[in-house]
1. Please work out which residue is surrounded by the most Cβ atoms within 10 Å (Cβ to Cβ), limiting yourself to region 5-33 and to residues that are in a loop (DSSP other than H, G, I, E, B) and in contact with a strand residue (DSSP E or B) (Cβ under 9 Å, 6 or more places away or on another chain).
2. So, in region 38-47, how many residues would count as being assigned to a helix (DSSP H, G or I) and at pLDDT 90 or above?
């Protein structure tokens with residue numbers, strides 16, 4: 001039996017899904033996650049410019065982005 005290993009970078013997968021449904025989100029920093037105590041599930045490359053990364057607390061980043 002031949003084995004195949006697949007590596008997929010899905011960091012921006014949810015952002016891409018949202019942008020397909022809402023074109024007004026194109027080109028702006030976008031964070032996908034939930035709640036005040038949640039974490040970033042996915043973020044756009046525009047949001048990464050501001051230091052946002054997956055699996056980081058949402059509260060920290062939303063406060064940081066809204067101050068800019």
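1. Of region 5-33, the ones in a loop (DSSP other than H, G, I, E, B) are 5-12, 22, 26-30.
From what's left, in contact with a strand residue (DSSP E or B) (Cβ under 9 Å, 6 or more places away or on another chain): 10-12, 29-30.
Values: 10: 9, 11: 17, 12: 18, 29: 17, 30: 20.
Only one residue tops the list, namely 30.
2. Of region 38-47, the ones assigned to a helix (DSSP H, G or I) are 45-47.
Next, only the ones that are at pLDDT 90 or above stay: 45-46.
Total meeting the criteria: 2.
The values are calculated or read from the model by the stated rules, or taken from the named source; none is laboratory data. Remember, it's a predicted structure, so these values are computed and weren't measured experimentally. Here the Cβ is made from the backbone with ideal geometry for all residues, glycine too, and neighbour counts use every protein chain on show.
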